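Each remark here refers to the structure printed beneath this line.
Every read-out reported here was derived from the displayed coordinates using simple, explicitly stated rules and does not represent laboratory data. Note that this is a predicted model, so its numbers are computed, not measured. Every residue, glycine among them, receives a Cβ derived from its backbone with ideal geometry; neighbour counts consider all protein chains shown.
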2 protein chains.
Amino acid sequence: MEQSVPSNPSAPLSWNPSSRHRVLIIGSGFGGLFAAKALRRAEVDVTVLASTPHHLFQPLLYQVATGILSQGEIAPASREILRRQRNVSVLLGTAEQIDTAARTVTARAPGRTAPFDVGYDSLIVATGASQSYFGRPEFAEHAPGLKSIDDALELRGRIFGAFELAELEENPRDRARRITFAVVGAGATGVEMAGQIAELAHRALRGEYRRVDSREARVLLIDAADIVLPSFGDHLSDKALQHLKKLGVEVRLGTKVEDVDARGITVKNPDGSVERIESMTKIWAAGVAASPFADVLAQATGAETDRAGRLKVLPDCTLPGHPEIFVVGDMMTLDALPGVAQVAIQSGKFAAERIEARLHGRPGPERFRYRDKGSMATISRFDAVASVGPIRATGWPAWLLWLVIHLFYLVGFEHRITTLFHWAVSFAGRGRAERAVTARQALGHDDRKPDPQAN
Amino acid sequence: MEQSVPSNPSAPLSWNPSSRHRVLIIGSGFGGLFAAKALRRAEVDVTVLASTPHHLFQPLLYQVATGILSQGEIAPASREILRRQRNVSVLLGTAEQIDTAARTVTARAPGRTAPFDVGYDSLIVATGASQSYFGRPEFAEHAPGLKSIDDALELRGRIFGAFELAELEENPRDRARRITFAVVGAGATGVEMAGQIAELAHRALRGEYRRVDSREARVLLIDAADIVLPSFGDHLSDKALQHLKKLGVEVRLGTKVEDVDARGITVKNPDGSVERIESMTKIWAAGVAASPFADVLAQATGAETDRAGRLKVLPDCTLPGHPEIFVVGDMMTLDALPGVAQVAIQSGKFAAERIEARLHGRPGPERFRYRDKGSMATISRFDAVASVGPIRATGWPAWLLWLVIHLFYLVGFEHRITTLFHWAVSFAGRGRAERAVTARQALGHDDRKPDPQAN
């Protein structure tokens with residue numbers, strides 16, 4: 001499908017000079033992908049512009065970080081998913097600027113110097129959120145978040161590497177510092193990471209070391225709030241707390257992180273005392289900030305943002321004064337909706353439906369109504385908490401529910417099969433099939449800034 | 001198993017102060033792993049010291065680079081493989097120095113500032129080989145080799161990234177340059193890479209792009225020699241050449257690489273003419289050099305090395321004057337044996353047997369005798385060449401043989417299952433299950449040195 005655009009090597013590339021209505025979707029996460037799919041029968045030209053070539057199934061990222069799944073299983077190529085949908089083009093590039101008058105977004109691809117422009121008639125922005133360190137960006141180096149494949153592989157290297165390096169330590173204190181894991185943030189990601197690291201230490205890695213007893217690993221889950229999984233309701237929060245404790249996770253609630261460095265973390269306890277925790281491996285699952293393009297959009301349209309940088313949208317997910325610009329998923333703030341996959345999926349679909357309705361002169365849905373399908377978090381194998389409609393489940397029924405629903409939402413038959421098999425290996429068995437780390441991404445983390453105290 | 005060593009935080013760590021005979025194995029590739037396993041019943045203390053935490057099944061690395069397999073499937077953790085062998089300790093660290101008088105190797109782990117010492121009574125060195133650029137190390141940045149997980153993921157990013165970036169180009173010449181792939185070196189790795197890239201272009205990626213027809217990709221296989229797969233014998237070399245041509249690979253024999261840069265490769269053709277080939281993605285599979293520790297050993301023992309830096313060993317794989325130091329696999333040069341997995345496996349086992357025999361005062365095997373079990377290389381799906389004993393097979397019988405033998409040598413039941421499944425997805429189907437790349441390792445390769453000509 002050659003495009004008949006004038007070729008001028010010195011000018012930025014201009015995409016989709018179509019005569020049909022052009023829908024540009026920025027982002028290939030849940031919001032972007034489901035918006036594109038919802039437009040499959042629409043008489044429009046859809047362009048999906050995303051900074052990664054893959055769709056990312058973020059809720060299972062913690063399993064890549066802990067060696068259960070491979071990155072391919074949760075990150076299929078977006079263009080493979082959308083191959084048969086002939087009205088969609090997928091472009092690799094990070095949106096950097098917008099001209100709302102000319103209706104053009106300027107993007108830049110990694111590995112390509114020149115930027116390129118993509119025009120639109122309707123725009124759906126779904127670039128999601130990144131980790132927020134609440135004004136302390138210097139924490140990031142020592143306590144990576146868990147938002148991308150890079151993050152997951154980095155953490156995989158650090159977690160397995162911590163045990164490798166502990167095995168080299170003669171001094172029990174040095175060993176202990178290596179295998180003390182501090183997870184900051186007791187939402188679903190933090191709870192799942194803490195639970196999985198405890199499983200690694202107590203089951204998967206047992207017996208592999210000669211100096212280190214992996215069961216001596218300490219896993220801390222730290223949050224300034226007074227409960228874990230606050231969005232799940234008191235009953236499930238209490239259950240989750242009990243189960244985490246039984247698993248050996250030290251849950252430190254009402255505890256504020258004051259500082260993070262290469263060798264530890266400093267917290268303020270509920271009683272006001274300041275405590276230093278020696279820990280080489282820290283994981284940040286505490287806060288989110290809207291992706292940088294939210295700020296670009298706010299500047300260009302005058303839209304307001306909240307404290308996390310999310311754009312305040314009208315009830316139909318558009319920006320005030322710009323009925324052609326939809327913002328969906330983690331990037332928008334509306335009715336205090338949570339930053340979860342279901343909000344992104346449903347708002348992405350809503351934007352697509354609204355665009356199609358407009359084209360046909362139909363009124364279409366006036367306002368986005370979120371249908372809460374529930375939430376769930378795994379704690380360990382055969383153990384989860386789930387809140388689905390009126391049902392509150394814990395233990396293995398919740399875990400089974402989690403398994404079925406996650407398998408259902410995974411993209412691609414082949415990924416479902418290998419994922420199911422890898423779960424069997426990890427949960428019925430005790431292995432971790434995907435422990436391999438790269439030399440570049442892993443293990444080198446505390447050498448970056450040589451610490452004179454380190455030995 | 002706490003070691004009773006004096007703890008002195010300022011002194012380097014000293015491992016294995018055992019009263020039993022101490023065997024130190026450096027490297028966890030085929031040579032090191034099979035040596036360790038061969039010592040499972042020996043009354044010795046074995047330490048495996050390796051710079052990666054995994055054993056690497058190198059012959060399938062090209063499948064990680066082309067999205068068929070995940071890195072975990074070919075790189076299980078060494079300590080997991082050896083968990084039940086209680087006389088083995090696995091240590092993460094790169095050997096940097098040796099004191100042959102004190103019988104101590106000094107190593108350093110990534111992420112740990114202080115070096116540590118490991119003592120030995122017998123030493124088996126199996127640190128393998130890395131890519132050689134024949135005195136042109138500056139080629140490495142533009143044409144990565146395929147020796148490690150890092151390499152494979154880097155190449156995966158570049159190969160899939162090439163098509164992604166081609167989709168952004170308006171100018172047909174720029175598109176063509178993006179999807180011209182130059183593979184240098186027509187040994188097994190080069191042939192397999194070229195064949196797989198051709199399969200990607202012609203089958204797996206077909207229909208995923210809107211501007212690019214992936215079938216227009218050009219795959220070149222370049223070698224200064226006059227035949228492909230020189231070690232396979234004339235008959236199979238000819239067959240392989242025919243099959244590669246049928247697959248659309250441009251095989252350029254008798255062709256010398258003169259220069260490699262970000263945007264292309266310059267070659268000297270058999271007729272003496274110099275030709276510039278515009279190609280953004282180059283892969284180097286041409287030469288090997290022994291790992292840097294070979295040089296350290298040569299310095300310390302006065303042993304000789306060949307042009308590739310490999311150590312000349314005595315017929316029993318020991319260094320002259322050092323009957324306690326064995327060198328096995330790709331690091332040694334002996335009887336012009338090839339640098340293949342079987343030589344590493346058999347010489348590793350031989351060294352282990354020899355050590356055990358000596359301990360029991362038995363004569364043991366006097367000299368290493370290599371038993372050639374044959375060689376094989378895949379060309380495309382259902383197509384390979386294989387030379388096993390008196391059998392010379394091509395086409396699907398060779399491919400089936402390849403499949404069975406590689407499955408057999410893969411470590412771990414779970415990896416065999418998922419590998420078999422991924423092969424079904426890729427060969428019976430047309431997908432690639434493991435395409436996901438990281439942002440850090442991939443796609444950014446030609447941005448590293450912005451080229452004023454690049455657009």
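State whether the range B:183-290 is rounded, prolate or oblate according to the following rule on the C-alpha gyration tensor (a ≥ b ≥ c being the square roots of its eigenvalues): a/c under 1.5 gives rounded; otherwise a/b larger than b/c gives prolate, and the remaining case gives oblate.
Numbers: a/c = 1.82, a/b = 1.24, b/c = 1.47.
The shape class here is oblate.
Using a/c under 1.5 as the rounded threshold, could you call the range A:106-256 rounded, prolate or oblate? The axes a ≥ b ≥ c are square roots of the C-alpha gyration tensor eigenvalues, and prolate needs a/b larger than b/c, oblate otherwise.
Values: a/c = 2.58, a/b = 1.50, b/c = 1.72.
It comes out oblate by the Cα gyration axes.
Under the rule of at least 5 residues apart or a separate chain, name every residue whose amide H is placed under 5 Å from the amide H of residue B:132.
B:287, B:288, B:289
Give me the net charge for the shell around residue B:105: Cβ to Cβ below 15 angstrom, other residues only, Lys and Arg +1, Asp and Glu -1.
Details: positive: B:22, B:103, B:108; negative: B:45, B:96, B:99, B:117, B:121, B:295, B:324.
Neighbour charge sum, excluding residue B:105 itself: -4.
Give, in whole angstrom and from largest to smallest, the semi-axes √(5λ) of the equivalent ellipsoid of the range A:249-308, with λ running over the eigenvalues of the Cα gyration tensor. Please report the intermediate quantities before stating the final value.
On the way: eigenvalues 232, 38, 19 Å².
Semi-axis lengths for the range A:249-308 are 34, 14, 10 Å.
To one decimal place, what Kirkwood hydrodynamic radius in Å is obtained for the protein assembly as shown from all pairs of distinct Cα atoms? Could the numbers behind the result be given before it?
Working: mean 1/r = 0.0343 Å⁻¹.
Evaluated on the protein assembly as shown, it is 29.2 Å.
Run down the lysines and flag those whose C-alpha is under 27 Å from the C-alpha of residue B:245, throwing out any fewer than 8 positions away in its chain.
Correct list for residue B:245: B:147, B:256, B:268, B:282.
Nearest 5 is fine: what % of DSSP beta bridges in the protein assembly as shown come out antiparallel, could you say?
Values: 74 of 146 bridges.
That works out to approximately 50 percent antiparallel.
Report, in whole Å, the centroid distance computed from the Cα atoms of the range A:74-147 and the range B:351-427.
44 Å
Ordered shortest first, which distances in nm separate the 7 Å Cα→C-beta label point of residue B:408 from those of the other copies?
Copy-to-copy label distances for residue B:408: 4.5 nm.
If the viscosity is 0.890 mPa s and the temperature 25 °C, what Stokes-Einstein diffusion coefficient in µm²/s follows for the range B:282-430 when Rh is the Kirkwood radius over Cα pairs? Mind dumping the intermediate values first?
Working: Rh = 17.9 Å.
In µm²/s, the coefficient rounds to 137.
Using the Cα atoms of chain B, I'd like the radius of gyration and the largest Cα-Cα distance, Dmax, both in angstrom.
Rg, Dmax (Cα atoms, Å): 23.0, 74.
What does the copy distance list look like for residue A:231, label position 7 Å along Cα→Cβ, in nm and ordered from shortest?
5.5
Since chains A and B are linked by a rotation, which residue in A has the beta carbon closest to its axis, and how far is it in Å?
Closest to the rotation axis on chain A: A:70, 2.
With +1 on each Lys and Arg Cβ and -1 on each Asp and Glu Cβ, and nothing else charged, work out how big the dipole of the protein assembly as shown is about its Cα centre, in Debye to the nearest 20. List each step's numbers first, then the result.
Values: 110 positive and 104 negative charges, 423 e Å.
Once rounded to the nearest 20, the dipole reads 2040 debye.
Under 1.5 on a/c is rounded, so check that first for the range B:335-422, then, if it is not, pick prolate when a/b is larger than b/c and oblate when it is not; a ≥ b ≥ c are the square roots of the alpha carbon gyration tensor eigenvalues.
Working: a/c = 3.64, a/b = 1.79, b/c = 2.04.
Here the range B:335-422 falls in the oblate category.
What percent does the relative contact order of the range B:73-163 come to when contacts are Cα pairs within less than 8 Å and at least six residues apart?
In percent, rounded to a whole number, it is 12.
If we count every other residue with Cβ under 12 angstrom of residue A:339's Cβ, Lys/Arg +1 and Asp/Glu -1, where does the sum land?
Values: positive: A:147, A:310; negative: A:306, A:330.
Charge balance near residue A:339 sits at 0.
Could you tell me how far the Cα centroid of the range B:210-227 sits from the Cα centroid of the range A:165-220, in Å?
After rounding, the separation between the Cα centres reads 48 Å.
Taking the convex hull of the alpha carbon atoms in the range B:13-102, what volume per residue do you get, in Å³? Please report the intermediate quantities before stating the final value.
Details: hull volume 10.1 nm³, N = 90.
So the per-residue Cα hull volume is 112 Å³.
Add +1 for every Lys or Arg and -1 for every Asp or Glu among the other residues with Cβ under 11 Å from the Cβ of residue B:388, and state the total.
On the way: positive: B:373, B:392; negative: B:372.
Net charge around residue B:388: +1.
In whole Å, how far is the Cα centre of the range A:23-39 from that of the range A:300-323?
18 Å
Which value at 222 nm does chain A reach when only helices count, each DSSP H run of 4 or more adding -39,500 (n - 2.57), with the total divided by all residues and rounded to the nearest 500 deg cm²/dmol?
Working: 12 runs with 126 residues, N = 455.
Computed ellipticity for chain A at 222 nm equals -8500 deg cm²/dmol.
Once the convex hull of the alpha carbons of the range A:318-373 is built, what does its volume come to per residue, in cubic angstrom?
On the way: hull volume 4.5 nm³, N = 56.
Enclosed volume per residue, from the Cα hull, is 79 Å³.
Label position 7 Å from Cα toward Cβ: report the copy-to-copy distances for residue A:268 in nm, one decimal, ordered from shortest.
Label-point distances to the other copies, shortest first: 7.2 nm.
At q = 0.13, 0.17 Å⁻¹, what base-10 log of I(q)/I(0) does the Debye formula yield for the range B:35-184 when every alpha carbon is treated as an equal point scatterer in vacuo?
-0.77, -1.09
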